[in-house]
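Take a look at the structure set out below.
The values are calculated or read from the model by the stated rules, or taken from the named source; none is laboratory data. All values reported here derive from a predicted model rather than from experimental measurement. Note that we place each Cβ from the backbone using ideal geometry, even for glycine, and neighbour counts take in every protein chain shown. With ligands, DNA and RNA removed, areas are computed over all heavy atoms of the protein, side chains included. Shrake-Rupley method; radii C 1.70, N 1.55, O 1.52, S 1.80 Å.
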Amino acid sequence: METYSRLPIKVVRGKGCLVWDDTGKEYLDMVSGIAVCNLGHARDEVAKALCEQAQQLFHCSNLYRIPQQEKLAAMIAENTFDSRVFFCNSGAEANEAAIKLARRYCNVNGKRGPNIITFEGSFHGRTLTTVAATGQEKFRKGFDPIPSGFIQVPFGDIHSLEAIVDEHVGAVMLEPIQGEGGINVPPAGFLRQVRKLCDEKGLLMILDEVQTGMARTGKLFGYMHDEIEPDVMTLAKALGNGFPVGAMVAKPHAAKAFEPGSHASTFGGNPLAMASCIATLGVILNENIAGKSRTQGQYLMDRLEELKGSHPSIVDVRGRGLMIGVEFDTEIASLGADGIEKGILLNVIQGHILRLAPPLVITKPELDSALETIHMLLSEKGL
Ligand code: PLP
């Protein structure tokens with residue numbers, strides 16, 4: 001169906017930060033399948049784990065114990081907080097699971113809720129309930145009736161949030177840095193303020209780490225920059241380095257709102273998905289990929305600040321780690337197609353923001369090459 005406006009190339013192969021099309025043309029990938037292939041393409045450890053698992057068992061129903069799920073859940077808990085994990089297959093599903101958990105938590109406890117506050121500019125997925133949660137009207141257009149139970153307030157404004165909380169509110173859900181909304185970094189301390197409010201009022205704090213997770217922002221998870229812990233966290237995208245998978249991680253007090261039969265997924269936590277995740281998280285931890293994301297991200301930000309000096313249409317460079325947005329004062333939507341000509345994959349969001357989200361294993365020479373091509377493209381376009 002015509003649900004995507006696609007660029008015309010056919011990408012057929014990848015290795016590290018490079019991909020090739022069906023004619024053999026090479027491209028430097030500054031998109032990573034939208035923050036998915038954080039370890040680069042066709043990463044050996046992940047490919048090997050998948051192949052080995054494929055020879056053992058593709059699928060097993062959740063009617064039975066699945067040891068790979070237990071192993072991955074333990075790895076996630078060890079590296080985050082005391083938690084239980086529900087596995088699913090995408091970011092939208094992970095958020096659906098979090099929303100269902102929050103509603104059941106409210107309805108079971110019976111004290112407050114079940115409304116959930118989310119933020120203007122947020123993005124939480126494309127199912128009907130996650131578009132209701134999403135703070136961008138364009139994703140809801142034409143899909144009435146939209147599920148109710150969500151209230152949106154301006155991102156980064158603690159006073160608006162405090163003002164809207166009443167006994168009908170049970171949870172606050174947000175991205176540590178808004179991705180699709182334009183790489184919007186909240187003011188310093190915002191996550192801590194939200195945490196404090198949630199503690200005071202007895203609200204669940206749900207962090208959507210689908211895009212910020214898995215070392216993208218220079219720490220394993222986005223919340224770690226603020227030294228707080230959420231009650232619930234959702235993951236997908238880079239969790240399996242490209243294998244479709246999602247997870248909803250919750251502290252025990254929240255997790256116990258679900259009981260056998262409350263929620264389920266045929267494929268959720270499938271052994272193949274789990275094998276790719278265990279291998280991916282193993283490499284991220286063993287090779288300090290978060291540190292690499294921090295170092296390379298800082299280098300890229302510094303060089304982009306320099307680039308801003310020679311291109312007056314750049315109004316802002318922002319982000320954390322290798323999740324970076326370059327905002328222009330004009331429409332730049334054609335940069336994606338222009339990049340294809342020059343052998344680079346570039347992604348534009350909101351029509352005027354260049355999102356840079358390369359694999360976290362990108363090298364300095366590769367970053368220099370990307371910067372040179374971007375400089376050339378901007379110069380040619382008079383930007
Ligand atoms: N949440 C965030 C923060 C996202 O960036 C995305 C996708 O871009 C989603 C949820 C939805 O994930 P998926 O496309 O896997 O359903």
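I'd like to check which helices (runs of 4 or more DSSP H) are fully inside the range 122-215 and have at least 2 residues that are over 30 Å from LEU322 (Cα atoms).
Because the criterion is at least 2 residues that are over 30 Å from LEU322 (Cα atoms), the helices (runs of 4 or more DSSP H) in the range 122-215 that meet it are 158-164, 190-201.
If you check GLU175, GLU200, which single one turns out to be under 26 Å from VAL245 (Cβ atoms), modelled with pLDDT of 95 or more, among the acidic types (Asp, Glu) and assigned by TED's automatic domain parsing to the domain that holds LYS251?
Sole residue among the options that is under 26 Å from VAL245 (Cβ atoms), modelled with pLDDT of 95 or more, among the acidic types (Asp, Glu) and assigned by TED's automatic domain parsing to the domain that holds LYS251: GLU175.
Out of all the residues in the range 295-326, which are part of a helix (DSSP H, G or I) and over 24 Å from the mean Cα position of the chain (by Cα)?
Residues satisfying the conditions are ARG303, GLU305, GLU306, LEU307, LYS308, GLY309, SER310.
Kindly evaluate VAL185 against the criterion of being open to solvent by 10 Å² or more (accessible area, probe 1.4 Å), within 15 Å of the ligand (Cβ to nearest atom) and either in contact (Cβ under 8 Å) with a residue 60 or more places away in the chain or not β-branched (Val, Ile, Thr) (or both).
yes
For residues that are in contact (Cβ under 8 Å) with a residue 60 or more places away in the chain and within 15 Å of the ligand (Cβ to nearest atom), tally how many sit in the range 188-217.
Residues that pass the stated criteria total 8.
Any idea how many residues of the range 82-103 are within 10 Å of the ligand (Cβ to nearest atom) and over 17 Å from MET205 (Cβ atoms)?
So the count comes out to 7.
Mind listing whichever residues of the range 144-181 are within 27 Å of ARG104 (Cβ to Cβ) and among the acidic types (Asp, Glu)?
Across the range 144-181, the qualifying residues are ASP144, GLU162, ASP166, GLU167, GLU175.
Does the range 54-66 contain at least one residue that is polar (S, T, N, Q), open to solvent by less than 30 Å² (accessible area, probe 1.4 Å) and either touching a residue at least 12 places away in the same chain (Cβ under 8 Å) or within 21 Å of MET274 (Cβ to Cβ) (or both)?
no
Given (1) without any contact (Cβ under 8 Å) to a residue 12 or more places away in the chain; (2) under 19 Å from the mean Cα position of the chain (by Cα), identify the lone condition not met by LEU39.
(1)
Please enumerate the residues belonging to the range 220-250 that are under 22 Å from LYS196 (Cα atoms), open to solvent by 40 Å² or more (accessible area, probe 1.4 Å) and part of a loop (DSSP other than H, G, I, E, B).
Of everything in the range 220-250, those that are under 22 Å from LYS196 (Cα atoms), open to solvent by 40 Å² or more (accessible area, probe 1.4 Å) and part of a loop (DSSP other than H, G, I, E, B) turn out to be GLU227, GLU229.
Output the number of the condition that ASN107 fails; it satisfies all remaining conditions of (1) within 12 Å of the ligand (Cβ to nearest atom); (2) in contact with a Pro (Cβ under 8 Å, 6 or more places away or on another chain).
Unmet for ASN107, out of (1) within 12 Å of the ligand (Cβ to nearest atom); (2) in contact with a Pro (Cβ under 8 Å, 6 or more places away or on another chain): (1).
For the range 282-304, does any single residue satisfy the condition of being within 17 Å of ALA47 (Cβ to Cβ), open to solvent by 50 Å² or more (accessible area, probe 1.4 Å) and more than 16 Å from the ligand (Cβ to nearest atom)?
Within the range 282-304, one or more residues are within 17 Å of ALA47 (Cβ to Cβ), open to solvent by 50 Å² or more (accessible area, probe 1.4 Å) and more than 16 Å from the ligand (Cβ to nearest atom).
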